[in-house]
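No value in this document is a laboratory result; all are computed from the given coordinates. All values reported here derive from a predicted model rather than from experimental measurement. Because the Cβ atoms are built from the backbone with ideal geometry, glycine has one as well, and the counts that use them run over all protein chains shown.
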Amino acid sequence: MERIIGIDLGTTNSCVAIVEGGSPAVLANKGGYKTTPSVVAISENGKRLVGHIAKRQAVTNASNTVYAAKRLMGRRWDSAAVRTMVDTMPYEIIEGPNDDARVKLRDRVYSVPEIGSIILQEMRLIAEEYTGEKIEKAVVTVPAHFNDAQRQATKDAGRIAGLDVVRIINEPTAAALAYGFGKDMDRTIAVYDLGGGTFDISILEISNGVFEVLATAGDTFLGGEDFDGRIIMDYLVMEFAREHQIDLRQDGMALQRLRDAAEKAKIELSGVRETEIHLPFIISTGSNEALHLQKTLTREKLEALTIDLVDRTIKICAKTIEEAGQPVDDVLLVGGMTRMPLVQEKVREFFGKDPLKGVHPDEVVATGAAIQGAALLHDHQSVLLLDVTPMSLGIMIAGGLFSVLIGANTTVPCSKSHIFTTVRDNQTSVKIMVFQGEHKQAAKNDLLGEFILTGLRPASKGEVEIEVTFDINADGIVSVSAKNLETGQEQAITVTATSGLTEEEIRRMARENQDHMVDVRKGEELEQARQDVQRIIADVERVFPRVREVLAGSDFGTDALHKASTVLDRAAEAVEGEDVTELRTAGEALNRTLNMFKGVLQKVG
Amino acid sequence: MPIEGAQALGEWESFPHRLDRRDADTLGLPEDEAIIYDLVDGRHTIEQVCARSGLQQNEALGVLFSLLGQGLIAITGTAATADTPSPAALPANDGPARLEVLPFRGVSPPDVQFLKGYGPLGYVPGLPTREPGRDRYGRFPFDNRALLMRCGLTVAQKKEVIFLSQMLPRLDHFEFFDMDEPTDDRRELKKAFFIFTKKYHPDARRTLDMGPFEPYVAYIYRHAAEVSELLQSDDRFRATYARAVKARNRAYREGLESLREERESVQRQDRLREAKDRKAEIQKRLERNAKARRLVSRGPEMERLNKAERFHRDGMLHYEQGDLTTAANLLRLAVTYDPRNRVYEQAFERADRESKSELAGRYWERGETEQSVGRSEEAIAAYTRAVELAQDPAHAAHLARYMVDNKKDLRTAMAHAELAVARAPQNVDYLVLLAKIQESADLSTKARATLERAKVLDGSREDVKQALNALKKK
């Protein structure tokens, strides 16, 4: 049976869900957790580590452990976002060949989609384990304000992980889907999503199973990590420096320990009024003297440190609600950060109503993605999502200005056209440059693609008319065409945002990943076989002395005993080796011996 | 009016289109408008329509202008494509063929001005497609081939797709969304759009093979989304548009009413005028005849011959039109004026004969009718007239036999039988009949002679031989 899973690829945590028998279920990983940290590490022996294992070893392996890779997704090397990351992250971020950012771990350079793919792969394995089937398709969520390059990078990550990402949907939208699924409602809801790395606000209208996004906005650099950052930079590091005149930021391991402690303290403060941060032997001074960090953090202090961040989210909310143009009936809180009492209080204050309870802020997004996946698979669906374009699309016109053809928050699919004219006398060609963004200056927005329409009739400026048409289909793919209205001549491109990876690179990475998975599978198989054989060896050895007593008397018995010990030796040898087939044969032979022994003992009684 | 008409109608090369699927009869148009309206098919230019109408150019233009004013037609710069609704003939996907002339019937001028600012989306078609109480498609001609095309859509869905994509430029937004009444309630409109969305959104049809309908579904959905967005986001537009459509519907209903009344009064006047005309013509003919008679009595030779010629010409004209009685009368007059002219005489004889045989035919039919209801007196009278007029032997024989059967005067019957024999001397049956009547009338010798004659004609007939033997025995 074909299935489409839903994956919430979060900045700090990821989650996977599936719809089974018409109801969505969030799947737990091997450790029994429903969310998996979005952490990838390469261990000392070159093994890939993902999730909880990777997070646990982060302190000792900080420079080879990647956190918050989502923040680098689809970013250009020279962007401010990457700059900040380079300055604050313990792992090494370097410039990639296609103007993108890459991560260097143990002498191997990984592209950001590759890191993403490792996490997606993990989520896929969880789903495959649960269903016992091969999973090939997924709906993946991204923050609502992700641009095309970031969405494309996410899709590429999927491809590398061997997943066909059938649709990218926005996280708040997914949350609303999960909330409204199966409920007969006719309401306008606001989804306030404050996650580990990003903030999103979306206003949706739900009616009759149709979910229409009215407006959406957000901030890519505003999330739990920033709250942690405030605790570390503005409080712990500052206090420590004041006491000991030592900058803890210089030490990678100390920084990692601070990071963990800050996150833990923040989470605790959602429940209690104050907490201890205790980090013994945080750093040693030049004179071999170890220093400890011990601080008490109160909820009030935390709120004072971060209130401006919360206020920033509220400002964005105000703008978005104005854009939606209709009153909000309900407020839905999504993302772990919304557990913070200050956030809840501010939201309640702003919207004038209590936020909705009854959805799990960490799991709701993946659930929504799974629901959308199921809806895409079946004709008779109970939900239909009307998504919008997150950012304005347009072209560059005279003076470097940005002329918007499709405004932000336009429902897709849609198409718009506009007639432009030449700006110079005897102009015979025009360059159509397609941008995405909200800035009035085209160059300040993201360039999605460009093409040239030639063969215009030489005439005085403003005489020749060119019709430019933008078209976005339901999958969010943008195509742009320009038509010379005089001659009917037409030029068109399908805009494919680049994630910083070429097609070839993606294919190579997908292949490598597949090879890696084969290796991993083989390793697991070997380990399993080895364990099986070892178990049988132990069993045989346990009964061996008694069997020897029974059989030693006869010739036949001596012979059998001799054979049995040969088999046992061979099995012991196979356990040392790496050959699965050898192990299996040895195991089977040994099993026969064991059965024989059991039979003998039974007869004797 | 014609001059203004020409201006409002624009170029000769423009194409008038119908905005309505109903024919001129259903609309109850007056004759000249009906003529022009029938010619308007979207594929002929104004010039061609005028030329084909047979009306004076300015008249034709005036009528076109009036049709335009009633919102029945619109003028565009391009010809319509063929009118069959197979998908291949559905409108192009890159946008509907927008109408350039906006009728905005019944809408207040400020509203028209406001709506025009929205281009095609602000357009209110002059007519509703759905009349109150009628189904959505009216008499929309669906092409069976298109409906039978194999794909994942049901016939009802195909119908809707064909109808919407083809009628799109003629539907107001409420009709498009299949809403019964225009409304400016935002939520109502949104609900209608959501229902639409569940049917047409690409995600809703993702796993469905729509075959050739695919691009039309996409096109319809895009239009719906665009319209919905405008209606949702622009309160003033929504209110104005709803008001305009309401006004249009009211004007349309009133228009239908007044059109019907006007049509009835015109019909009444037509009947009165016809009666008057007929009376005047009879008067005229009487006068002409009197004048002709006067001319005969005193006319000099030349005028007499001229008269004869004119009567001959008129007579031949009537003859050709099949009015044989009038033709015979006129030709008789021609012969009277110029008795020496063989042509006139032959023409008269032919017309006279044919007119008589025609008359005879009518009498004969009446006779048959009377006979069939058993009124023998009347039947015999009619038959007699027919026989006198055309002297047809078969008729004469039939009449004779009928009279004998009804025990009428044998002599008259015999006379008829004799007539039949005289007209068809070779017919043995008539001779036998005559002989029988003669025998009944106790004229055995005559009967015998008659039978002898029959025997000579056909010696093999047994009945003749037997009758002869029986007579001889006597």
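Side notes on the structure shown:
- Averaged over B:225-234, number of beta-carbon atoms from partner chains that fall within 10 Å: 3
- For A:191-202, mean number of other protein chain Cβ atoms within 10 Å: 0
- Taking 18 Å as the straight-line reach from the Cα of B:K276, the aspartates and glutamates in range (excluding those fewer than 8 positions away in the same chain) are B:E287.
- Short-range pairs are left out: with C-alpha atoms under 8 Å and at least six residues apart, the relative contact order of chain A is 13 percent.
- Using the rule -39500 (n - 2.57) for each DSSP H run of four or more residues, divided by the residues of the protein assembly as shown, the 222 nm mean residue ellipticity is -17000 deg cm²/dmol.
- Amide H contacts under 5 Å for A:E92, placed H, 5+ residues apart: A:K104
- Over 20 Å (Cα to Cα) - which of A:K319/B:K198; A:K104/A:K134; A:K301/A:K357; A:K34/A:K264 fall in this group: A:K319/B:K198; A:K104/A:K134; A:K301/A:K357
- Eligible lysines near B:K455 by straight Cα distance, threshold 20 Å, same-chain separation 8 or greater: B:K436, B:K446, B:K465, B:K472, B:K473, B:K474
- Neighbour-count order for B:S233, A:S202, fewest beta carbons within 10 angstrom listed first: B:S233, A:S202
- Computed over every Cα-Cα pair of the protein assembly as shown and binned at 10 Å starting from 0, the pair-distance distribution P(r) comes out as 2, 8, 12, 13, 12, 10, 8, 7, 6, 5, 5, 4, 4, 3, 2, 1, 0, 0 percent.
- Gyration tensor verdict on the range B:83-282 (Cα atoms; rounded if a/c is under 1.5, prolate if a/b is larger than b/c, oblate otherwise): oblate
- Reducing the range A:239-270 and the range A:426-460 to their Cα centroids gives an inter-centroid distance of 50 Å.
- Of the beta bridges in the protein assembly as shown, as assigned by DSSP with both residues counted there, near 80 percent are antiparallel.
- Its relative contact order, with pairs defined as Cα atoms under 8 Å and 6+ residues apart, puts the range A:224-306 at 27 percent.
- For chain B, Kirkwood radius (reciprocal of mean inverse C-alpha pair distance, Å): 30.2
- Tilt relative to chain B, helix B:214-233 - C-alpha long axis, 0 to 90 degrees, to 10: 60
- Under 26 Å from B:K246, Cα to Cα: lysines that are on another chain or at least 8 residues apart: B:K116, B:K190, B:K191
- Degrees separating the helix A:580-604 axis from the principal Cα axis of chain A, which is the longest one: 40
- On the principal axes of its alpha-carbon atoms, chain A has extents of 114, 66, 54 Å, going from largest to smallest.
- Spatially near lysine pairs across the range A:393-495, Cα under 20 Å, sequence gap of 8 or more or different chains: 8
- Here the relative contact order of the range A:332-425, from alpha carbon pairs under 8 Å that lie six or more residues apart, stands at 17 percent.
- Compared with the dominant Cα axis of chain B, that is its longest principal axis, helix B:57-69 is turned about 50°.
- Dipole of the protein assembly as shown, positive end: most advanced residue of A:V478, A:N409, B:A390 [Cβ charges, Cα centre]: B:A390
- Partner chain coverage, peptide B:187-193 - average Cβ within 10 angstrom: 3
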